[in-house]
Amino acid sequence: MRTYTPRGLLPVLSLWLAALLLAPGLAAAGKPYDYAVVGDPANVTLPAPPLPTLVLMGGGPDVDDAFKWMIRKSGGGNFVVIRSRGTDAYNPYVYAMGGVASVETITIASREAASDPFVIGRIQGAEALFIAGGDQSDYVKFWKGTPLETAIEALAGRNIPIGGTSAGLSAMSRFMFSALNGSITSSAALANPYDKAMTLERDFLALPDMGGLVADSHMDTRDRMGRLVAFMARIVKDGWAGGVHGVGVDVETALLVEGGNATRVGAGSAYFLRTVGLPEVCKPKTPLTYRNIGTQRLSGGASFDMRNWASYQGGTVDYNISAVNGVLTSSQPGGSVY
């Protein structure tokens, strides 16, 4: 087992090692997962939060305030990070914020790992769960339809805080871009909404306030508004839903959602989109035409009600986005879609 000891933990190293050796069922060599922990991994039992709590992060540099908020809402205990690839760098980062008994990273890169009793046990005992970035196709291939999926939904049923960034954010919405054939740009998605890379998935996770919507990240830096509109057009056109909402989050930005009420923290904006009827033109090898997608941009300190899909007292900038023959414009001065 690989562990990571961040600066400042040397005074508690002996206590942590003792807990690690004595705790029952901890990971051993030859297991189908990787596991790393800082702090005391002994199971903590705390009252469940009163309201469902989510963190929707847009990728790029992590937002400190979002993790601190998750910790506060969780009440402390065991903070679990899951991913399919990458390192345990979240362990020292989150642990240094204080207020948790442990931070654990579990790398789950197979369906065998997603069904392992140790992995499921650590997730079931989490006071907060965070889905790291990476490749969301891994999450579909390795996690969908496994006990891991069931365990995450059980956490949500107990109002345990759940967060995700980048690919992790995509996996949290009812509809998701699965990237099973690689990524896709806005220009390619608008030019052909049935491009082979336009792979969509539904009903991976059922999380509170994430039904009926599709989420995307890196909105500003990777110019993803066009592909989010194309995702929404496909979902409606293919009959998955009569109408769909879209949530886009800029890099270094997070939405803190409690009981459906979303507030923004970080450097960028969040975007809330809503379809109006069917797309005029949405078919293979043909540029998309879909007019008047209602859009609300949340940039300041106001909040957005995700259950009523509205912000009150001028909390958002409201405008329409239209795709016409594969070209995206908006009703804002100058036609900016952001």
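Given the criterion modelled with pLDDT of 95 or more, over 30 Å from PRO50 (Cβ atoms) and touching a helix residue (DSSP H, G or I) at 6+ places or on another chain (Cβ under 9 Å), identify the matching residue among THR87, THR107.
THR107
Going by the structure shown, is LEU54 more than 23 Å from SER170 (Cβ to Cβ) and among the aliphatic types (A, V, I, L, M)?
no
For the range 175-194, which residues satisfy the criterion of being under 18 Å from TRP240 (Cα atoms), over 11 Å from the mean Cα position of the chain (by Cα) and of a type outside the set (Gly, Ala, Ser)?
Of everything in the range 175-194, those that are under 18 Å from TRP240 (Cα atoms), over 11 Å from the mean Cα position of the chain (by Cα) and of a type outside the set (Gly, Ala, Ser) turn out to be PHE175, PHE177, PRO193, TYR194.
Could you name every one of the strands (runs of 3 or more DSSP E) located completely within the range 79-192 that has at least 1 residues being in the same structural domain as VAL244 (by TED's automatic domain parsing)?
Qualifying strands (runs of 3 or more DSSP E): 175-177.
May I ask you to say which residue of ILE131, ILE162, ILE184 is touching a Gly at 6+ places or on another chain (Cβ under 9 Å), surrounded by 18 or more Cβ atoms within 10 Å (Cβ to Cβ), under 25 Å from LEU228 (Cα atoms) and not basic (Lys, Arg)?
Answer to the check: ILE131.
So for the range 275-294 (the condition being under 30 Å from LYS73 (Cα atoms) and outside any strand (DSSP E or B)), does at least one residue qualify?
Within the range 275-294, not a single residue is under 30 Å from LYS73 (Cα atoms) and outside any strand (DSSP E or B).
Select from the range 36-74 the residues that are of a type in the set (D, E, K, R) and under 16 Å from PHE130 (Cα atoms) and list them in ascending order.
ASP62, ASP64, ASP65, LYS68, ARG72, LYS73
Tally time: how many residues in the range 322-337 are surrounded by fewer than 16 Cβ atoms within 10 Å (Cβ to Cβ) and either touching a residue at least 12 places away in the same chain (Cβ under 8 Å) or among the aliphatic types (A, V, I, L, M) (or both)?
Adding up the residues that qualify gives 4.
Give the range 177-198 a look and list any residue that's farther than 13 Å from VAL327 by Cα and either without any contact (Cβ under 8 Å) to a residue 40 or more places away in the chain or among the aromatic types (Phe, Trp, Tyr) (or both), or say none.
Answer for the range 177-198, where residues must be farther than 13 Å from VAL327 by Cα and either without any contact (Cβ under 8 Å) to a residue 40 or more places away in the chain or among the aromatic types (Phe, Trp, Tyr) (or both): PHE177, ASN181, GLY182, SER183, TYR194, ASP195, LYS196, ALA197, MET198.
Being of a type in the set (Gly, Ala, Ser), modelled with pLDDT of 95 or more and farther than 30 Å from MET210 by Cβ is the filter here, so list the residues in the range 1-60 that pass it.
ALA42 - this is the single residue of the range 1-60 that is of a type in the set (Gly, Ala, Ser), modelled with pLDDT of 95 or more and farther than 30 Å from MET210 by Cβ.
Considering only the range 229-264, state which residues are in a loop (DSSP other than H, G, I, E, B) and surrounded by 24 or more Cβ atoms within 10 Å (Cβ to Cβ).
Result: ASP250, single match.
Being over 16 Å from HIS218 (Cβ atoms) and either of a type in the set (Gly, Ala, Ser) or more than 15 Å from the chain's Cα centre (by Cα) (or both) is the filter here; which residues of the range 156-174 pass it?
Correct list: ALA156, GLY157, ARG158, ASN159, GLY163.
Of LEU180, LEU169, LEU155, LEU148, which residue is over 24 Å from PRO52 (Cβ atoms) and not acidic (Asp, Glu)?
LEU180
Considering only residues that are outside any loop (DSSP other than H, G, I, E, B), under 17 Å from GLY266 (Cα atoms), among the charged types (D, E, K, R) and in contact (Cβ under 8 Å) with a residue 60 or more places away in the chain, which ones fall in the range 39-76?
ASP65
Just a yes or no: is a residue in the range 289-312 in contact (Cβ under 8 Å) with a residue 60 or more places away in the chain, surrounded by 19 or more Cβ atoms within 10 Å (Cβ to Cβ) and charged (D, E, K, R)?
There is no residue in the range 289-312 that is in contact (Cβ under 8 Å) with a residue 60 or more places away in the chain, surrounded by 19 or more Cβ atoms within 10 Å (Cβ to Cβ) and charged (D, E, K, R).
The values are calculated or read from the model by the stated rules, or taken from the named source; none is laboratory data. As the structure is a prediction and not an experimental result, all values here were calculated from the model. In this analysis, Cβ positions are derived from the backbone assuming ideal geometry, glycine residues included, and neighbour counts consider all displayed protein chains.
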